[in-house]
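The values are calculated or read from the model by the stated rules, or taken from the named source; none is laboratory data. Here the structure is a predicted model, which is why all the values come from computation and not from measurement. Note: ideal-geometry Cβ built from the backbone for every residue, glycine included; neighbour counts use all protein chains shown.
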Ligand SMILES: [Zn+2]
């Protein structure tokens, strides 16, 4: 290892260890007080914290081994060595060599992942959160792996083709291409990918069809072209309760988990639906793709500078499109992902707050909103007393306590408004 890579490795190790200690072991008592204040019991809080703590060990264990593998490939002469071998096997053709590298890396990272994935499954089963047996889990996991393989081959081919054909301005073009792929994925995923894992039935054809008039009233009030509200048989996999808005253009739809419909009152379901309609009204999928492209532009520019500087040891790259740089690209993308995660989550939490506000306006049932949030947090064994630094880093949604508080504040202001009228 050169001095440069040794320093990089040491900085990574110290930063990773500090993050692990901070996010796993450092408590934050005011969050617990706020959760008690919002109506959660000591045992709700302890359950959420314990479940999360145990899951964090799987997460950090896997992250550690994954990053170790990546560093061993990216910061040592191994990348150059393997790159040369793959180039020799493919007759010096860079795209097939990069695809081969990508395939070998995916295989290695899969070997690392598998024990953690199985461990997580048994852990979730022990906590009553998963309904899958090992055979079903393996089948779904294999299916997901196959989809990833196809998807990553498309991305890698496009990426290296851009590097080869437009070596100077590839970083300007890559975000445009990626946005196109993101739109294609958003469009296809609800009709091609999701049905491989679950059944989706129109609400009016399920045992919850009585909800349809209420749902329609909500949609009419929001004035959005919702064609389909679908019920997903999520109970096949787990007891998680959730709902989501997905798709692009004509495949846009709102999906409700059957677990949610089984456990919640009609008023609570209206509030959850109002939240998903809020995402639709605010056009969050399109905005997310656009913001992602902007972030990617910055990321690709920095990646370009790194790849141009990597002509020296241990990489000896013959230019950005040299397949020997593949592990370096992945390492930088992973690190970029970690660095940009807090910013991405700030945006996501902003979108989620907008959707919550829309729900409160549409459904106009702040008490049901708060009750639904509370029930969901309990059923999903959520951590209702997270430390603020964990929220900044990891939370794509405002905390349950913040959401309950938002509902009660909304109730107060709307009562004051009504009085004034
Ligand atoms: Zn949401």
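Considering only residues that are surrounded by 20 or more Cβ atoms within 10 Å (Cβ to Cβ) and within 9 Å of residue 74 (Cβ to Cβ), which ones fall in segment 316-331?
325, 326, 327, 328, 329, 331 - these are the residues of segment 316-331 that are surrounded by 20 or more Cβ atoms within 10 Å (Cβ to Cβ) and within 9 Å of residue 74 (Cβ to Cβ).
Conditions tested, residue by residue: (1) under 30 Å from residue 235 (Cβ atoms); (2) more than 21 Å from the chain's Cα centre (by Cα).
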position: 366; (1), (2): yes, yes
position: 371; (1), (2): yes, yes
position: 374; (1), (2): yes, yes
position: 378; (1), (2): yes, yes
position: 393; (1), (2): no, no
position: 396; (1), (2): yes, no
position: 407; (1), (2): yes, yes
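Here is a list of conditions, (1) at pLDDT 95 or above; (2) away from the ligand (no atom under 16 Å from the Cβ); (3) surrounded by fewer than 20 Cβ atoms within 10 Å (Cβ to Cβ), and residue 401 meets all of them except one; can you say which number that is?
Going through the list (1) at pLDDT 95 or above; (2) away from the ligand (no atom under 16 Å from the Cβ); (3) surrounded by fewer than 20 Cβ atoms within 10 Å (Cβ to Cβ), residue 401 breaks only (3).
Scanning segment 214-230 for residues that are free of Cβ contacts under 8 Å to residues at least 60 places away in the same chain and under 16 Å from residue 265 (Cβ atoms), which turns out surrounded by the most Cβ atoms within 10 Å (Cβ to Cβ)?
Looking at residues that are free of Cβ contacts under 8 Å to residues at least 60 places away in the same chain and under 16 Å from residue 265 (Cβ atoms), I get 215.
Exactly one condition in (1) away from the ligand (no atom under 16 Å from the Cβ); (2) part of a helix (DSSP H, G or I); (3) buried (at least 18 other Cβ atoms within 10 Å of the Cβ) is false for residue 356; which is it?
Failed condition: (1).
Please go through segment 368-393 and give me each residue that is in contact (Cβ under 8 Å) with a residue 40 or more places away in the chain, in contact with a helix residue (DSSP H, G or I) (Cβ under 7 Å, 6 or more places away or on another chain), assigned to a helix (DSSP H, G or I) and within 16 Å of the ligand (Cβ to nearest atom), ordered by number.
369, 372, 377
Taking only segment 23-35 into account, find how many residues are out of contact with any helix residue (DSSP H, G or I) (no Cβ under 6 Å at 6 or more places or on another chain), at pLDDT below 90 and part of a helix (DSSP H, G or I).
So the count comes out to 1.
Looking only at strands (runs of 3 or more DSSP E) that fall completely inside segment 219-305, which ones have 3 or more residues that are within 16 Å of the ligand (Cβ to nearest atom) and modelled with pLDDT of 90 or more?
Hits in segment 219-305: 253-257.
Only one of these conditions is not met by residue 348: (1) touching a helix residue (DSSP H, G or I) at 6+ places or on another chain (Cβ under 7 Å); (2) in a helix (DSSP H, G or I); (3) within 16 Å of the ligand (Cβ to nearest atom). Which number is it?
(1)
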